[in-house]
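Notes for the one structure printed next.
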Amino acid sequence: MTNLPKIYAPQEIEGKWYELWQKNGYFHAESTSDKPPYAIVIPPPNITGSLHIGHALDNTLQDCLIRWRRMQGYNALWMPGTDHAGIVTELIMERTLAEEGTSKIDLGREKFIERMWQWKDESAGYIVSQLQQLGCSCDWERERFTLDDGLSKAVRTAFVKLYDQGLIYHDVYMANWCPQCNTVLSNLEVEPIEIDGHFYHIHYPVKDSEVVLEIATTRPETMLGDTAVAVHPEDERYQHLIGKTAILPLCDREIPIIADAYVDREFGTGALKVTPAHDTNDYEIGGRHDLEQLTIFTRDGYINENAPEKYVGLSRWDCRKRVVKDLQDMEYLVKIVPHRHAVGHHDRCGTIVEPVISPQWFMNVRPLAQRAIEATKKGEIKFIPERETSRFYHWMENIEPWPISRQRWWGHQLPIWHCNACQAVTAAMETPQQCECGASDFRQEEDVLDTWFSSGLWPFSTMGWPENTEELKTFYPTSVLVTGWDILFFWVARMIMLGLGCMDKVPFRTVYLHGLVADEKGQKMSKSKGNTIDPLEAIDTYGTDAFRFALVNASTPIPYVPLPEPQIEAGKRFANKIWNAARFILMNLEKHPVPPSMDTTETEQETLEIAWIRSRLSRTITTTTDAFDNFRLYEAAQTLYAFLWHEFCDWYLEFAKQRVSQNDPKALWVAADVLEQTMRLLHPVMPFLTEEVWQQLPHSGSRSRASERDSVTVSSWPEPTSRNPTAEITMATLMEVIESIRSIRGELNVPIGASVEVHIQSPNAEVRERLETYLAQYLPAFTRVADITIAESLPKPSASAEAVIGELAIYIPLADIIDLDAEHARLSKRHQQAVKDVTAAQKTLDNPNFIERAPERVVAQKKAQLERMLTEQEKLARSLAMLTEE
């Protein structure tokens, strides 16, 4: 009796198979092997996190690739690990401490770090267990963490190496500052967000004259730090004022009026307030004109003592309100104009960032960026999709120095030591023994490295660098990196540069950048928008395999890939379809077991349906393998879906049922073989279901079922056999004819139990021969037939339905089968409603306001809906015509 229950319950099978895979070490790669190497390093998820929809897509695609290569006989390594996620993790701990009535300052650095490690040890396993629930076949024996001892050594080694090469240096420069997190940020960590603001037009009097300059600014509070007014040197409106002095309102401070070509004469009033300490462009202007850099903000965003006393201690936002009120009261404020503009926010905490002049550690990445460009142009790295290559070049060609220091505690403390005697700076792996001045008293730099620095070393640090390990010799450079396009610059570009800088080799051969998961409207899924799908809820509801199939099926090469919930439901229906097909085969194999001597690959004297399904399977193997080879995993999923659902289940199994009823089980035995091979093809996408079914089936080359030690996970990837074009062409003709006959019966409400006459005319002798040879044999598997007539030419019977396939015509007399008048009335009513629906939809699309104002996706959906309506209308009109023709 088959071990497959009647109902497919994924939760009852998934856990046991993952446990078996791990127990038997199927995911472990060997450090040295005769097999060809294939390696992927996981984009390390934050230890803070739980599995979100982006993780689910990213890791499902990686798992598909690694399982596929493992089955192809590769020594396949999927390197797992987690990221300490500096700022994010520290913010979470700070909130926890606040709830406890304390803070990290109260604890002190050492105790705070101890608390962070304690929390990491308690929570890090959560995300790992979720990845395992998703089916990820990582080499868990090699799991790494970006702050573990080995990776910490790698970070120090890389830093010192790059410092000694002159690429890491200390400088004072304008940088992005988060007042909430109290740290500097790189440009990539600042997210521009559109907000509704204002332009404040303010009068700046010119000293010793009646002239006033009208200045427009979105940040009136920063005027407290103004040290000049700038105009364009060729702006005729202001040339007579260049070199004169303006009086700064509210501060009663004199500031020069300068000429600088940066000023846009057409923007605002053409006169620009210059605040060198609080605006990047003003900082550059200040440098050219040797202006004072007057800082008016504290590091946490409050007004400091450099501003007039009445503003000191106010927040940025309270100061703005107070400044605007004072400008109004003193009649300096001309007007306030609404203005929508982009303002930089910290991508982690959401705080509006401040440009500040700050001493920081920087990395000059331009030499490495140039090497990365050259390596890519030589073909050492390939980007998929290809369009990402030009985006990569553009960024690397215009790259800025990378501020790598962060004013936080959780992370890799910079391996920089300051001599307390002479203030000399030393970069070293450990605390230096003695300074050049002879002193031995050192203090370590308090700043930590940007998290992306340690993540940038991930492909080789996880394999034991700086030691020359067997893993590095075997697996570096890795085969492919899989990640979302949104971190091409954050992470991918930095890995390439650091790989070249530390290893003198690119870190991977291929970069596969997939889209971001979106809702049905094309908007990126996020918790803040309330439009996300919780992967764990989806898995609980539909099963892991259904969820994975939906993700892979959706992974088309577009920036935002929609994943509506009905798509996951469709994955569950697909799983049920496979389950039921397997049950049918297994239950019938109990009555008709495959003979030990039976070779299901033999081709002599095989029936048409067997020759056809073998040929279609061969095509499916070729297409699926090619799709995997070219990172079109969505195409692999769609190919397997079409083959299993439509060709194997809808057609071949119906033929097999017919053969079994005639006491001819050969088609059944072939069905078992085809399903076994297809389970291997589908395994990378749907690992749990395929393992459960595969374990029950007879296997190619052996008539016994799999032993407990065997698994589809380590079975061989199917190889295509020769195609049979004749069988495929013949069966395609039969399927079209059978489908047309079934469609006529369905559209015209022919009772299921009624037998119909079928008249077919075709001028093509080859087509007639195919139909005469096979139609009577196969048609009864799908519909009741009284008689079949096939001729080169024959008259159309009265009151008959008609279907046309190219030159071939099918007639089915209906006068004695259905009530023609009642059916005509039913179809007429449906046709009238269809005409109304089409008219309404067309009216909407003809409305220019709808086309201009509705989102593109909504317009596209409406057009698709109209196409479906037109098809339905045409089908109903065709059915009515069949009933009215004599």
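Can you name the residue in region 641-674 that is closer than 29 Å to A546 by Cα and acidic (D, E) and is also surrounded by the most Cβ atoms within 10 Å (Cβ to Cβ) among such residues?
Applying the filter and picking the extreme gives D673.
Pick out the one residue from E234, E189 that is open to solvent by less than 50 Å² (accessible area, probe 1.4 Å) and acidic (D, E).
E189
Before we move on, is M869 at pLDDT below 75 and either outside any helix (DSSP H, G or I) or not β-branched (V, I, T) (or both)?
In short, no.
Mind telling me which of the residues G101, G150 ends up being farther than 21 Å from R406 by Cβ, small (G, A, S) and open to solvent by 50 Å² or more (accessible area, probe 1.4 Å)?
Only one candidate qualifies: G101.
Considering only region 561-585, state which residues are open to solvent by less than 30 Å² (accessible area, probe 1.4 Å) and in contact (Cβ under 8 Å) with a residue 60 or more places away in the chain.
Selection gives V561, L563, F574, A575, I578, W579, A581, A582, I585.
Any idea which of P80, P37, P5 is touching a Leu at 6+ places or on another chain (Cβ under 8 Å), of a type outside the set (S, T, N, Q) and open to solvent by 50 Å² or more (accessible area, probe 1.4 Å)?
Unique residue meeting the criteria: P37.
Could you tell me which of the residues G135, G101 is within 23 Å of the chain's Cα centre (by Cα), of a type outside the set (A, V, I, L, M, F, W, C) and not in a helix (DSSP H, G or I)?
G135 is the lone residue from the list that is within 23 Å of the chain's Cα centre (by Cα), of a type outside the set (A, V, I, L, M, F, W, C) and not in a helix (DSSP H, G or I).
Is it true that T96 is at pLDDT below 95, open to solvent by less than 10 Å² (accessible area, probe 1.4 Å) and outside any loop (DSSP other than H, G, I, E, B)?
no
So which pairs qualify, if the first residue must be in region 301-325 and within 14 Å of M223 (Cα to Cα) and open to solvent by 10 Å² or more (accessible area, probe 1.4 Å), the second must be among the basic types (K, R) and in a helix (DSSP H, G or I), the Cβ gap must be under 8 Å, and the two must be at least 6 apart or on different chains?
Matching pairs, first to second residue: R322/K310.
Of the residues in region 184-207, how many are out of contact with any helix residue (DSSP H, G or I) (no Cβ under 7 Å at 6 or more places or on another chain) and not in a strand (DSSP E or B)?
4
Taking region 420-439 as the search range and keeping residues that are closer than 17 Å to H170 by Cβ and touching a residue at least 24 places away in the same chain (Cβ under 8 Å), which one is most open to solvent (accessible area, probe 1.4 Å)?
Looking at residues that are closer than 17 Å to H170 by Cβ and touching a residue at least 24 places away in the same chain (Cβ under 8 Å), I get V425.
Which condition from (1) in a helix (DSSP H, G or I); (2) under 25 Å from the mean Cα position of the chain (by Cα); (3) touching a residue at least 12 places away in the same chain (Cβ under 8 Å) is the one that F631 breaks?
Exception for F631: condition (1).
Would region 454-472 turn up any residue that is farther than 20 Å from G150 by Cα and either crowded, with 16+ Cβ neighbours inside 10 Å or of a type in the set (A, V, I, L, M, F, W, C) (or both)?
no
Which residue is surrounded by the most Cβ atoms within 10 Å (Cβ to Cβ), if the candidates are limited to region 675-704 and must be free of Cβ contacts under 8 Å to residues at least 40 places away in the same chain and farther than 30 Å from A554 by Cβ?
H699
Is it true that some residue in region 586-594 is in contact (Cβ under 8 Å) with a residue 40 or more places away in the chain, open to solvent by less than 10 Å² (accessible area, probe 1.4 Å) and more than 19 Å from L57 (Cβ to Cβ)?
Yes.
Just need a number here: residues in region 212-241 that are farther than 15 Å from G286 by Cβ and out of contact with any Leu (no Cβ under 8 Å at 6 or more places or on another chain).
Selection size over region 212-241: 15.
Please verify whether Y476 is farther than 30 Å from T32 by Cβ and either at pLDDT 95 or above or acidic (D, E) (or both), treating the condition exactly as stated.
no
So, in region 267-294, of the ones that are within 42 Å of the chain's Cα centre (by Cα) and in a loop (DSSP other than H, G, I, E, B), which residue ends up surrounded by the most Cβ atoms within 10 Å (Cβ to Cβ)?
Here the residue is T275.
To keep it simple, each residue is scored yes or no on (1) more than 42 Å from the chain's Cα centre (by Cα); (2) of a type in the set (V, I, T); (3) modelled with pLDDT under 95; (4) more than 23 Å from I610 (Cβ to Cβ).
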| site | (1), (2), (3), (4) |
| --- | --- |
| V737 | yes, yes, yes, no |
| R742 | no, no, yes, no |
| G746 | no, no, yes, yes |
| R768 | yes, no, yes, yes |
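Could you list, in sequence order, all residues of region 2-24 that are free of Cβ contacts under 8 Å to residues at least 24 places away in the same chain and not in a helix (DSSP H, G or I)?
Correct list: P5, I7, A9.
Which condition breaks for R115 when tested against (1) open to solvent by 10 Å² or more (accessible area, probe 1.4 Å); (2) under 18 Å from L134 (Cβ atoms); (3) modelled with pLDDT of 90 or more?
Of everything listed in (1) open to solvent by 10 Å² or more (accessible area, probe 1.4 Å); (2) under 18 Å from L134 (Cβ atoms); (3) modelled with pLDDT of 90 or more, R115 misses just condition (2).
Can you find, within region 711-743, the residue that is least open to solvent (accessible area, probe 1.4 Å) among those that are charged (D, E, K, R) and within 24 Å of T625 (Cβ to Cβ)?
Selected residue: E728.
Please find, within region 647-662, the residue that is nearest to E728 (Cα to Cα) out of those that are among the polar types (S, T, N, Q) and in a helix (DSSP H, G or I).
Q658
Kindly indicate whether P401 is surrounded by fewer than 23 Cβ atoms within 10 Å (Cβ to Cβ) and in contact with a Phe, Trp or Tyr (Cβ under 7 Å, 6 or more places away or on another chain).
Yes.
Would you mind listing the helices (runs of 4 or more DSSP H) fully within region 486-560 where at least 3 residues are in contact (Cβ under 8 Å) with a residue 12 or more places away in the chain and more than 30 Å from H394 (Cα to Cα)?
535-542, 544-554
The values are calculated or read from the model by the stated rules, or taken from the named source; none is laboratory data. Predicted model, so just to flag it, every value in this text is computed and none were measured. Backbone-built Cβ (ideal geometry, glycine too); neighbour counts: all protein chains shown. Note: accessible area is taken over every heavy atom of the protein model, side chains too, but ligands, DNA and RNA are not part of it. Shrake-Rupley method; radii C 1.70, N 1.55, O 1.52, S 1.80 Å.
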